[in-house]
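J.: First the structure, which I've put down as structure tokens, then a few questions once you've had a look.
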Amino acid sequence: MIKNTLFDLHSHTTASDGRLSPEELIERAVAHRIDYLAITDHDCIKAIPFAQKKIESESLPIRLISGVEISTKWLSHDIHVVGLNIDIQNADLEALLASQDEKRHTRAVAIDKKLEKIDVFNSLETILKELKGDSADIARFMPMITRNHFAQHLYKINKVKSHQKAFDKYLAKGNVGYVSAQWCAIETAIEVVHKAGGYAVLAHPYAYPLKGKWARKLIEEFKSMGGDAIEVANSQLTPDRRTHFAKLAQEFELDVSIGSDFHRPTPWSDLGKNLWLPANVSPIWRRWGLMD
Ligand code: AMP
Ligand code: MN
Ligand code: MN
Ligand code: MN
């Protein structure tokens with residue numbers, strides 16, 4: 001029987017807000033029969049050498065695509081740009097990620113301060129202490145601190161009943177713990193991904209709180225800024241929504257990408273789960289010579 005090639009081009013590890021180490025992620029991806037996996041941690045590429053080493057030392061049947069998910073600001077929105085097939089040694093990329101790291105730190109300190117308003121004290125210090133305490137990874141890399149770390153903390157101290165509620169009540173835009181970070185512009189992310197030899201993909205256009213014509217406007221501008229592709233599928237996206245975004249990709253002459261945006265296994269999302277492509281699209285991986 002011929003098996004279709006399985007691509008999952010969006011995933012996270014403990015180098016940002018994923019729960020699995022680079023090695024554990026690779027093991028799971030192999031178990032799920034993924035052929036091509038992109039690791040795309042938030043503003044960070046530190047997991048990639050460890051994942052690559054795991055594959056090579058055990059001759060595992062999987063290919064790693066070097067990736068990153070860069071946080072950007074567009075109007076007042078946090079928009080994510082995934083870079084795929086990048087050279088992780090590139091100096092421009094390294095400089096951008098160092099600057100994003102600094103912005104993440106500044107924002108984390110500001111979130112910590114905001115949470116004092118709801119009587120949560122020393123959250124950042126506790127998060128950092130716990131990361132150092134329970135992770136062997138800390139000796140290899142310090143994770144990028146994300147809002148997911150604060151969400152997990154609020155859940156652990158019983159401030160909220162679920163991880164999701166931490167966003168809904170405190171951390172999402174419009175709530176008391178939200179801090180608008182000064183992320184780079186979309187153009188900057190695209191330019192740096194290109195300088196690093198990669199392709200720039202608009203991450204999950206279906207996930208932003210953009211009403212009416214604004215999602216379309218974002219895609220149109222992403223193209224005019226030199227973007228290469230948009231994501232049109234994750235594990236949960238309905239066929240209608242996939243087709244909708246596939247049509248927008250076609251209209252603006254963009255390629256498409258797919259990825260689970262894996263952070264941890266859940267009943268509704270997993271590595272490689274339900275990642276079929278809608279019809280009439282041009283997958284980004286054909287640009288680097290791979291066939292589906
Ligand atoms: P950050 O880049 O630090 O602002 O964190 C963004 C991450 O938090 C995303 O990649 C998601 O994993 C998670 N996230 C953001 N907004 C929400 C939300 N409304 N509900 C659940 N998770 C969210
Ligand atoms: Mn995340
Ligand atoms: Mn994202
Ligand atoms: Mn992601």
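J.: Identify, from the list Ser71, Ser16, Ser99, the residue that is modelled with pLDDT of 95 or more, surrounded by 24 or more Cβ atoms within 10 Å (Cβ to Cβ), within 25 Å of Ala189 (Cβ to Cβ) and among the polar types (S, T, N, Q).
T.: On the way: Ser71 fails: surrounded by 24 or more Cβ atoms within 10 Å (Cβ to Cβ); Ser99 fails: surrounded by 24 or more Cβ atoms within 10 Å (Cβ to Cβ).
On inspection, the qualifying residue turns out to be Ser16.
J.: When the residues of the range 217-259 are filtered to those that are among the hydroxyl-bearing types (Ser, Thr, Tyr) and either touching a Lys or Arg at 6+ places or on another chain (Cβ under 6 Å) or without any contact (Cβ under 8 Å) to a residue 40 or more places away in the chain (or both), which remaining residue is farthest from Ala189 (Cα to Cα)? Outline the logic, then answer.
T.: Of all residues in the range 217-259, those among the hydroxyl-bearing types (Ser, Thr, Tyr) come to 224, 235, 238, 243, 257.
Then drop every residue that is not either touching a Lys or Arg at 6+ places or on another chain (Cβ under 6 Å) or without any contact (Cβ under 8 Å) to a residue 40 or more places away in the chain (or both), which leaves 224, 235, 238, 243.
On the way: Ser224: 14, Ser235: 26, Thr238: 29, Thr243: 27 Å.
Per the criteria, the residue is Thr238.
J.: Considering only the range 14-54, how many residues are of a type in the set (A, V, I, L, M), touching a helix residue (DSSP H, G or I) at 6+ places or on another chain (Cβ under 6 Å), over 21 Å from Glu231 (Cα atoms) and not in a loop (DSSP other than H, G, I, E, B)?
T.: 2
J.: If I filter the range 38-56 down to residues being free of Cβ contacts under 8 Å to residues at least 40 places away in the same chain and under 19 Å from Ile70 (Cα atoms), which single residue comes out as surrounded by the fewest Cβ atoms within 10 Å (Cβ to Cβ)?
T.: Of everything passing the filter in the range 38-56, Pro49 is surrounded by the fewest Cβ atoms within 10 Å (Cβ to Cβ).
J.: Just checking, which of Pro267, Pro239 is away from ligand 4 (no atom under 16 Å from the Cβ) and either on the phi > 0 side of the Ramachandran plot or modelled with pLDDT under 95 (or both)?
T.: Numbers: Pro239 fails: either on the phi > 0 side of the Ramachandran plot or modelled with pLDDT under 95 (or both).
Exactly one of Pro267, Pro239 is away from ligand 4 (no atom under 16 Å from the Cβ) and either on the phi > 0 side of the Ramachandran plot or modelled with pLDDT under 95 (or both), namely Pro267.
J.: Do we have any residue at all in the range 38-53 that's among the β-branched types (Val, Ile, Thr) and more than 19 Å from Gly83 (Cα to Cα)?
T.: Filtering the range 38-53 down to residues among the β-branched types (Val, Ile, Thr) leaves 39-40, 45, 48.
Within this subset, residues satisfying the condition of being more than 19 Å from Gly83 (Cα to Cα) are none.
Scanning the range 38-53, I find no residue that is among the β-branched types (Val, Ile, Thr) and more than 19 Å from Gly83 (Cα to Cα), so the answer is no.
J.: Right, something else. So Ala203 fits all but one of (1) away from ligand 2 (no atom under 16 Å from the Cβ); (2) of a type in the set (A, V, I, L, M, F, W, C); (3) within 22 Å of Ser76 (Cβ to Cβ); what number is the exception?
T.: Ala203 satisfies all of (1) away from ligand 2 (no atom under 16 Å from the Cβ); (2) of a type in the set (A, V, I, L, M, F, W, C); (3) within 22 Å of Ser76 (Cβ to Cβ) except (1).
J.: I'd like to verify a number: residues in the range 112-135 that are in contact (Cβ under 8 Å) with a residue 24 or more places away in the chain and out of contact with any helix residue (DSSP H, G or I) (no Cβ under 6 Å at 6 or more places or on another chain), how many?
T.: 6
J.: Considering the range 70-102 alone, what residues qualify as being among the charged types (D, E, K, R) and out of contact with any strand residue (DSSP E or B) (no Cβ under 8 Å at 6 or more places or on another chain)?
T.: So in the range 70-102, the residues among the charged types (D, E, K, R) come out as 73, 78, 87, 92, 94, 101-102.
Of everything in the range 70-102, those that are among the charged types (D, E, K, R) and out of contact with any strand residue (DSSP E or B) (no Cβ under 8 Å at 6 or more places or on another chain) turn out to be Asp92, Glu94, Asp101, Glu102.
J.: Of all the residues that make up the range 102-147, how many are hydrophobic (A, V, I, L, M, F, W, C), closer than 30 Å to His194 by Cβ and either at pLDDT 95 or above or touching a Lys or Arg at 6+ places or on another chain (Cβ under 7 Å) (or both)?
T.: Within the range 102-147, the first condition is being hydrophobic (A, V, I, L, M, F, W, C), and the residues that meet it are 108-111, 115, 118, 120-121, 124, 127-128, 131, 136, 138-139, 141-142, 144-145.
In the following step, the residues that additionally are closer than 30 Å to His194 by Cβ were identified as 108, 141-142, 144-145.
Restricting the remaining residues to those that are either at pLDDT 95 or above or touching a Lys or Arg at 6+ places or on another chain (Cβ under 7 Å) (or both) gives 108, 141, 144-145.
Total satisfying the criteria: 4.
J.: To continue, here is another question. Mind listing whichever residues of the range 236-260 are closer than 24 Å to Arg147 by Cβ and in contact with a strand residue (DSSP E or B) (Cβ under 7 Å, 6 or more places away or on another chain)? Spell out how you get there, then give the answer.
T.: Pass one, the range 236-260, residues closer than 24 Å to Arg147 by Cβ: 236-237, 257, 259-260.
Listed by number, the residues that qualify are Gln236, Ser257, Gly259, Ser260.
The values are calculated or read from the model by the stated rules, or taken from the named source; none is laboratory data. All figures in this text were calculated on a predicted structure; none of them were measured in a lab. Glycine also receives a Cβ, built like all others from the backbone with ideal geometry; neighbour counts cover every protein chain displayed.
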